[in-house]
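Some notes on the structure that comes next.
The values are calculated or read from the model by the stated rules, or taken from the named source; none is laboratory data. Note that this is a predicted model, so its numbers are computed, not measured. Every residue, glycine as well, gets a Cβ built from its backbone with ideal geometry; the counts of neighbours run over all protein chains shown. Surface areas here come from the heavy atoms of the whole protein model, side chains and all, with no ligands, DNA or RNA. Shrake-Rupley method; radii C 1.70, N 1.55, O 1.52, S 1.80 Å.
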Amino acid sequence: MEKVSKSALVIGGGIAGIQAALDLADMGIHVDMVEKKPCIGGRMAQLDKTFPTNDCSICILAPKLSECYRHPNITLYSYSEVQKVEGSAGNFSAEILKRARYIKEEECINCGLCVEKCPMRVEDEFDRELRKRRAIYIYYLQGVPAIMTIDKEKCLWFTKNACRICEKTCEREAIDFEQEDQIIKLENIGSIIVATGYSLIEDIDKDVLKNYGYGKFRNVVSALEFERLECASGPQGGHIKRFSDGKTPKKIAFLQCIGSRSDRVEKYCSSICCMYTTKEAMIAYEHDNELESYVFYIDMRAGGKGFQSFLRRGAAEYNIKYIKSKIAQITVDEKENPIIIYEDLDNDKITQLKVDLVVLATCIVPPQGIDNLAEILGIELNDYNFIKTTPFIPVETSKNGVFTCGCVHEPMDIPRSVAEASGAAAKAAEIIRGG
Amino acid sequence: MSEERNEEEIRVGVFVCHCGSNIGGVIDCKKLAEEVRNFPDVAYTEDNLYTCSENGLAAIKKAVEEHKLNRVVVASCTPRTHEPLFRECISEAGLNPYLFNFVNIRDQCTWVHMKHPEEAYDKAKDLIKMGAAKAVKLEPLDMIMVNINPAALVIGGGVAGMSAALSLSRQGFKTYIVEKEDKLGGRLNSLHKLFPYDIEATEFVGKIINNVKNAQNLEVITSSRVINIEGFIGNYEVEIDQNGNIRKLEVGAIIVAVGSSLLNPQGLFGYDGIKRITQYELEPKLKNKDLKAKEVVMIQCAGSRNDERPYCSSVCCMTALKNALTIKELNPDIHVTILFRDLYTPGTSYEEYYRKAREQGVLFVKYDEDRMPNVEENQVKVFNEYIGDEMIIAYDLLVLSTPLVANSDNKDLAQLLKVPLEANGFFLEAHVKLRPNDFATDGVYIGGSAKWPVDITETISQGYAAASRASTILSHETIEVEGATSILPEYNKSLCTGCEVCIKVCPYNAIKKNENDEIEIIQALCKGCGLCAATCTNKALVIRHFTDDQILSEIYAYGGE
Amino acid sequence: MSVINFDFRNQVIKHNASLSYCYQCSTCSGGCPVALLTNGEYNPRKIIEEAILGLQDKLIEVQDPNPWLCSTCQKCVELCPQKVELTEIFTLIKNKCFEEGKYPEAFHAQGQAVLENGIAIPYSKAVLSRREKLGLPIITTAPIEEIKTLLRQTNFEQNIIKREAE
Amino acid sequence: MRMEENRVSFEPKLLGFLCNWCSYAGADLAGVSRIQYPPNMRVIRVMCSGRVDPEFVIQALELGIDGVYVMGCHIGDCHYLDGNYEAIRKFDMTKKFLSFVGLDNRIRLDWVSASEGVRFGEVVSKFVEDIKALGPSPLSGDTPDQELLEKVKAIREAVSSNRMRALVGRQRKITEEENVYGEKVPEEEFDVLMDQAIKEEYDRHRILLALEKDSKSVKDLGIELNLDPSIVLEHTLTLKSRSQVDFQKIIGNTPIFMRI
């Protein structure tokens, strides 16, 4: 193979973007990867385990993260965004806004001394605001690149012209308050892959969850929050405790299709909730064998490899009861125990079930900022505001040379995201190679 | 065993990193560096504020030169992040990168024993002693180079195989498709329309076949099967039998895209192929607009999600919806009732399709696994949980939504490729989550419903995915593989009893018996896990960089010989 | 044992097409205050399923569940994720029941009142005289003859009388 | 029996084998999270828990190390697909051997994932605590129990023997797959076989070690090793057929055996 002169631009550093970038890089193609957050890893990094094998998510992801970071053919722009794209397939150019993290990247060794001294407590976005971080922080403990970022919005120096304790603490003199945002121009891009993942309905419209008391009742959490609670490196160290009284829940209700399959919120099915709910219930059971789980569903959707047997195991070995019923609303008693009212199809009775905790399988929605990105790239979105793809060819967007993979065009699980990522890489390579 | 080849004097250099106060704030690194100077074969030690900084790296290089060091130990953070950096550094200093050893005295010592600085000091000292002892035994290793033949073989000429082959040929690789039948297209040839878009299957597949025919670098070999496969990543020799003529192909990578089969519906719900047929038998009727029925009843999960076939075939719900809608299109007065368990329409367009089917008057009745529909001559009796009563539904055509099943000859191909199958007979990928289109064996990839029942959209993306995975290999004239692999050294050959236990434990099929009946390790496939060395019945196999000798020397260094 | 009646099903769908979208998730029954109060004896979901299957007998003859128990609070309509207009569908079913004379006694009395007075609950003399004392405007009575004409056109009168005859 | 006070003041000397991908990463995460745990354990990094040769574990104990911990990825998470299953087989065998000499509770196998920093700290603390409760290894210190040492040596040689390694190496193949005759050996049946082999090889290797010092008769071996002479004879004949021992001479009617 002759030397490849054109490069690829991968937008989004979640598992899909990482896989696409690694495939292209392993083909000898240079990849510029742009990730909005301070570290790559995306949603998968937030997960505790992954279905249907219940592999530890970070265990299988971490080697990919460092591979991606260290790959000689990949240039990673973290904490950055694509601002402008021009040109056409085979010859795009792009402008990247690389936001200042106020840290000298090559100096920071992630020792954490600065974090200990920083006086500002800030809601931790990675942990779904279930705990506080500092204004100087690493996005998550195993994050890559393993360096700090200063949260300009919250840092006392930037907000009140005071402090700079981190600067004094850092033995490496890695703090640089003078750092500025940079515009980086990239030329000679053969193809672009968009893999910016998804948001959740609670990120854009909490009202939808009003009937379920989300945000009002302390013992109602979203599935991703629950995932963080289960995680050994999460805000509760993997010991699930409810927020009202710190007690370990013995009865958990998992409500499916919260926002999805609805003509009022999102019409589509979020695809992954039936499976991750079963996984979450299994893991919770592994934490505490006295746990009873109730999964309220419309249709159990488990088509992937090993998924049906996963559900069977859930019912047989993990004390999970699957109840066909969509929940209209929940209330709480005086001890803040959620009460679920549902119709029991077995006897047509309207039944009340008191539980300790409710977990909402909230709907996957297009990632925030998708409209803007679509405009920059000149690609179309579909009726649901996901990226529009060619019929039967899910990795092709409406624009030649721009490809996509993962949840940014349709909700899907990790294996399919990874397969599509490789698929998008193949299509991208066709243009770069075939020229 | 290493003495024979290690004539030179061993000179270990140890660099103790303060990591600012991360290590230096807990233990006295200067003192530690001085003390470890006394360990066997240690020729030089120093402490650095940050060994990973430019200054630190320069100090290593300088010391290697000045003190003629031939082994380097860095005691600092974790090899998981910094080993590549230091390996590169000693490489620049003229040493083989494998002559480096990492000792973790931060993440696993000072950070976790901050309140016990004395014990932390002792632990750091022990760890360095062990690390230095292993360093003494380290041997230079070469990255192994494997030549790659930039050609690919795709087994199966359905939509998955064609997608993979098209992508590879467009990327400039010579590609062969081997197809069992006398024409390309696979199952799509026998379908009517494709969901969820209103497209004729034959028209759609026709375009792809046309692309294949017009593609450069792409050769289609129909009516043929693979009968033998030899070799390994980058270097496969494949024998093809085309109507009795044997042909040999040399390729660098192989993609399995053999698809799946239809279930034989005999004995299911009174199947007779006339009044009670499968969805696949319905398709040509719809295509030819040859449907006389007025009352159509479809049964989902016919032969799947049961004890025998516990999986969901994932395409049947959409197939049923598609055919139901086609019937409604032909004649809206025909009654179509679908008996289902859980309707599987995940994602955006499929859920919309389900809604459309309801809008067009398709009737859905849920049944339960415990109370299966009872098919009689002209009616189906089914218990409807929603109203708590048994329903009678008249039919003049009963359509069974039967699952896709694994090909019966998957086993033969799996044996040729030395790749595994899962319990239902489908091919088993390397990792369900993160390597969905790889096999554990490098150089062999998979896409489409050979792995698991998938719809056309996913089949196509998986076809491309397999192509991408193959391309990561085929793009290179040679590839470097891990140097820390397993070997059967010449001096150990007499120990090998030929028991083959190593062949069985190797997760990557990297060990085989060659034509001389000797154990041979295919370096290109070995990932260096060391299972074989730990298992070898006569300790003949050696896992480089983690040899018995090296690990035992660490144990002795700690336990005292 | 029930037999699907496609004709009746189509009648309901013709009346209100939203019926076809129902996928029996049971949000309505779980959210219905009457269902809760009657512990499931009244069940909007089940009525809808029976309508989907066109089970005329269950809906009209047996009236299981009883559609007259619906308080028309519209909560189910508000909650339904498929925007099925349940109360509209119940209205059709109640109309069918009415045509068959299968409706509760209380409705009969009310129907008669409408037929006679143009309103369901006629004002009592006491109310009218008190209004006068308080100086409130005089209520003009509905044009009863016009109402009767209308009700005759819709077979209302005929059905009310039919019930009386039974 | 050692004194209670002894146990309290005693700081065990422990060794851990950590697989690179999960437990080593978990140990690192404990560091990043500043989880504090007792500093008694030294770590040897291996790529896979399946790499841990039983010989390593026994050798460590023989050197007087008070406890050995083997850690790998959780079942199903193995970076090398199923290396940790092999680790289980090897570990189980090692443990059974050690039960003959009462050292089996000084070794432990566990799974720690890359996200279980806290748990890593917990399991190490627990191990330290448990070994403290056991007291120092009889093989530790300046005056190790010589008789026990001899037995442990025999175990080290036994686990390294061709027979034991072949059995462990083939175990999964034998119990999980059918042989050419379509037969599969049930797990329980295999266990019986395994237990018997463990017992036999232990005794045989003790015999070999005893013969290493000087040649002996079956009777003397029986007395020295506290074994039934008929068993000793049986073993000695097996060892002879394996060419590991031979007749040295015959004194009267009594054959004297020697190690080859």
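Think of the protein assembly as shown as a dipole: +1 on every Lys or Arg Cβ, -1 on every Asp or Glu Cβ, centred on the Cα centre; then among A:Asn188, D:Ala25, D:Trp111, A:Asn188 lies furthest on the positive end.
So which of A:Lys36/A:Lys64; A:Lys427/B:Lys512; B:Lys134/B:Lys433 end up more than 30 Å apart by C-alpha? Intermediate values should be presented prior to the final figure.
Working: A:Lys36/A:Lys64 18 Å; A:Lys427/B:Lys512 36 Å; B:Lys134/B:Lys433 36 Å.
Checking Cα-Cα distances, A:Lys427/B:Lys512; B:Lys134/B:Lys433 exceed 30 Å.
When the square roots of the Cα gyration tensor eigenvalues are ordered a ≥ b ≥ c, the ratio a/c for the protein assembly as shown is 1.5 or more and a/b exceeds b/c, which makes its shape prolate. With both labels modelled 7 Å from their Cα along Cα-to-Cβ, the A:Asn289 to A:Glu336 distance reads 3.0 nm.
From a point 7 Å beyond the Cα of B:Leu85 in the direction of its Cβ, which residues of the stretch A:59-73 have a backbone N at a distance under 16 Å? Backbone N within reach: A:66-67, A:69-71.
Using alpha-carbon pairs under 8 Å, 6+ residues apart, how would you state the relative contact order of chain D in percent?
Details: 392 pairs, mean separation 48.1, N = 260.
The normalised contact order for chain D reaches 19 percent.
Under the convention that each Lys and Arg Cβ holds +1 and each Asp and Glu Cβ holds -1, the size of the dipole of the stretch D:66-225 around its Cα centre is about 360 debye. For chain A, the longest principal axis of the alpha carbon atoms and the long axis of helix A:414-434 meet at an angle near 20°. The simple Förster model, with R0 at 22 Å and r as the Cβ-Cβ distance, assigns C:Asn5 and C:Leu150 a FRET efficiency of 0.10. Put simply, chains B and A cover up around 5700 Å² of each other's accessible surface, both sides summed, when a 1.4 Å probe is used.
With charges set only on the Cβ (+1 for Lys and Arg, -1 for Asp and Glu), what does the dipole of the protein assembly as shown come to about its Cα centre, in debye to the nearest 20?
Details: 169 positive and 205 negative charges, 362 e Å.
I would put it at about 1740 debye.
For the stretch D:134-259, what does the alpha-carbon gyration tensor say about shape, rounded, prolate or oblate, given a ≥ b ≥ c as the root eigenvalues, a/c under 1.5 as rounded, and a/b over b/c as prolate? Judged from the Cα gyration tensor, the stretch D:134-259 comes out oblate (a/c at least 1.5, b/c at or above a/b). Taking Cα atoms, how many degrees apart are the long axis of helix A:273-287 and the longest axis of chain A, rounded to 10 and kept between 0 and 90? The angle comes out near 70 degrees.
Would you mind getting the accessible area per residue of the stretch C:6-99, heavy atoms of the protein chains only, 1.4 Å probe, in Å²? Walk me through the numbers before you get to the answer.
Values: 3390 Å² over 94 residues.
Per-residue value: 36 Å².
Using a Förster distance of 35 angstrom, determine the FRET efficiency expected from the C-beta separation of B:Thr222 and B:Ile199, and round it to 0.05. About 0.90, to the nearest 0.05.
In the protein assembly as shown, what percent of the accessible surface is made up of carbon and sulfur (1.4 Å probe, ligands and nucleic acids excluded)? All intermediate terms of the calculation are to be shown ahead of the outcome.
Details: 26350 of 55330 Å².
Its accessible area is 48 percent carbon and sulfur atoms.
Shape annotation for the stretch D:4-134: C-alpha extents along the principal axes are 43, 35, 19 Å, from largest to smallest. At the residue level, B:Lys539 shows approximately 50 square angstrom of accessible surface with a 1.4 angstrom probe and all protein chains present. From the alpha carbon centroid of the stretch A:195-217 to that of the stretch B:262-328 is 39 Å.
Of the listed residues D:Ile223, A:Ile18, the order by accessible area with a 1.4 Å probe, largest first, is D:Ile223, A:Ile18. Using C-alpha pairs under 8 Å with a sequence gap of at least 6, the mean separation divided by the residue count of chain C gives a relative contact order of 20 percent.
To the nearest whole number, what is the average tally of beta carbon atoms from other chains within 10 Å of the beta carbons of peptide A:25-35? Let's see the in-between values first.
Values: counts 1, 8, 9, 4, 2, 0, 0, 0, 0, 0, 0.
Rounded to a whole number, the mean comes out at 2.
A prolate overall shape is assigned to chain B, the ratio a/c of its alpha-carbon gyration tensor axes (a ≥ b ≥ c) being 1.5 or greater and a/b exceeding b/c.
Comparing B:Val12, C:Leu151, B:Gly206 along the charge dipole axis of the protein assembly as shown, the residue lying farthest to the positive side is C:Leu151, per the Cβ-charge model.
Which entries in A:Lys210/A:Lys251; B:Lys539/D:Lys96; B:Lys275/B:Lys328; B:Lys129/D:Lys132; D:Lys126/D:Lys151; A:Lys37/A:Lys324 show an alpha-carbon gap greater than 30 Å? Each step should come with its number before you reach the end.
Working: A:Lys210/A:Lys251 22 Å; B:Lys539/D:Lys96 21 Å; B:Lys275/B:Lys328 19 Å; B:Lys129/D:Lys132 25 Å; D:Lys126/D:Lys151 28 Å; A:Lys37/A:Lys324 39 Å.
Long pairs (Cα-Cα over 30 Å): A:Lys37/A:Lys324.
Taking each of A:Lys267/B:Lys356; B:Lys61/B:Lys125; D:Lys153/D:Lys249; D:Lys213/D:Lys240; A:Lys250/C:Lys75 in turn, the alpha-carbon distance tops 20 angstrom for B:Lys61/B:Lys125; D:Lys153/D:Lys249; A:Lys250/C:Lys75. Summary value for chain A: 19 percent relative contact order, contacts being C-alpha pairs under 8 angstrom separated by 6+ residues. Amide H contacts under 5 Å for B:Val103: B:Val74, B:Ala75, B:Ser76, restricted to partners 5 or more places along the chain or on a different chain, H placed in the peptide plane at 1.01 Å from N. Per residue, the stretch A:113-169 exposes 50 Å² of solvent-accessible protein surface, assessed with a 1.4 angstrom probe and all protein chains in place. Separation of the stretch D:22-58 and the stretch A:59-96, taken as the distance between their Cα centroids, equals 34 angstrom.
Give me the accessible area per residue for chain B, probe 1.4 Å, as a whole number in Å². Present the calculation step by step, with values, prior to reporting the outcome.
Values: 20610 Å² over 561 residues.
On a per-residue basis, chain B sits at 37 Å².
Along the axis of the charge dipole computed for chain A (Cβ charges of +1 for Lys and Arg, -1 for Asp and Glu, origin at the Cα centre), the listed residues A:Gly401, A:Val365, A:Ile323 are led at the positive end by A:Ile323. Calculate the length of the line joining the C-alpha centroid of the stretch A:33-53 to that of the stretch A:392-414, in whole Å. Cα centroid of the stretch A:33-53 versus Cα centroid of the stretch A:392-414: 18 Å apart. The angle between the Cα long axis of helix D:146-159 and the main principal axis of chain D comes to about 80°, on a 0 to 90 degree scale. A Cβ-based charge dipole, computed about the Cα centre of the stretch B:262-405 with Lys and Arg at +1 and Asp and Glu at -1, lands at about 480 debye.
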